[in-house]
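Quick notes on the structure that follows.
Read-outs throughout are calculated quantities, based only on the coordinates presented, and are distinct from any laboratory measurement. Worth saying up front: this structure is predicted, and the values here are computed from it rather than measured. Glycine also receives a Cβ, built like all others from the backbone with ideal geometry; neighbour counts cover every protein chain displayed.
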Amino acid sequence: MYRLPKVSLVPLKKKNEAFISLLHQQEIGSTWIKSEQDQVYEIQLGKQCVGLVMLSMIAPEANLINLAVEKPLQNMGIGKQALQLLIKKLTRSKVSMLHLEVREQSPALRFYLRQGFYSTGLRKAYYADGEHAILMTKQI
Ligand SMILES: CC(C)(COP(=O)(O)OP(=O)(O)OC[C@H]1O[C@@H](n2cnc3c(N)ncnc32)[C@H](O)[C@@H]1OP(=O)(O)O)[C@@H](O)C(=O)NCCC(=O)NCCS
């Protein structure tokens, strides 16, 4: 049976090409600059950057700004492993609640429900195109 190389979360030191392409895929843009309370990680498969995690810390809570896996590598268990690694890190830092918002029509909504997030509310027309955002939380 084929096994995926190890998934790891590595704090971003410098925006590399793969990371910038992920920023574009997420429509964030490469000029994005992280603020003081943000944490940014590369999701690495082996030593290769295949995804990103962007997090804002509001201890003892955290807000997951973005979690993304490169398109061709989605649905292979990488996102789930990255989220589990992130939750381990957060619990070590005494974070007990993880929040996020996701587009109502996004397939990611199903992903987060499977990972134990529950819906806590709705922000109407939150996105520029008028789509609603679903607010979600997981106790960790
Ligand atoms: C959402 C995302 C991070 C998930 O990562 P992934 O590596 O593709 O997901 P995984 O393969 O780890 O899937 C984990 C579980 O979620 C389920 N899942 C993943 N994508 C799904 C989808 N589109 N619909 C339904 N279930 C889905 C899988 O079936 C799997 O279920 P299991 O735990 O029962 O086996 C990834 O698809 C992605 O980058 N999407 C685009 C960016 C995005 O929308 N990010 C969220 C905004 S914050």
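Would you compute the Debye intensity of the chain from its alpha-carbon atoms alone, equal scatterers and no solvent, and pass along log10 I(q)/I(0) at q = 0.12, 0.13, 0.15, 0.18 Å⁻¹ to two decimals? With one equal scatterer per Cα and no solvent, log10 I(q)/I(0) is -0.48, -0.57, -0.77, -1.13. Among the listed pairs Lys89/Lys138; Lys80/Lys138; Lys34/Lys138; Lys6/Lys47; Lys14/Lys94; Lys47/Lys80, those with a Cα-Cα distance over 20 Å are Lys34/Lys138; Lys14/Lys94. The longest stretch of the chain left intact once loop-based GluC sites (Glu not before Pro) with at most 11 other Cβ atoms within 10 Å are removed from consideration, loops following DSSP, is 37-140.
Explain nothing, just the number: relative contact order of segment 7-139, from Cα pairs under 8 Å at least 6 residues apart, as a whole percent. Computed over segment 7-139, the figure is 18 percent.
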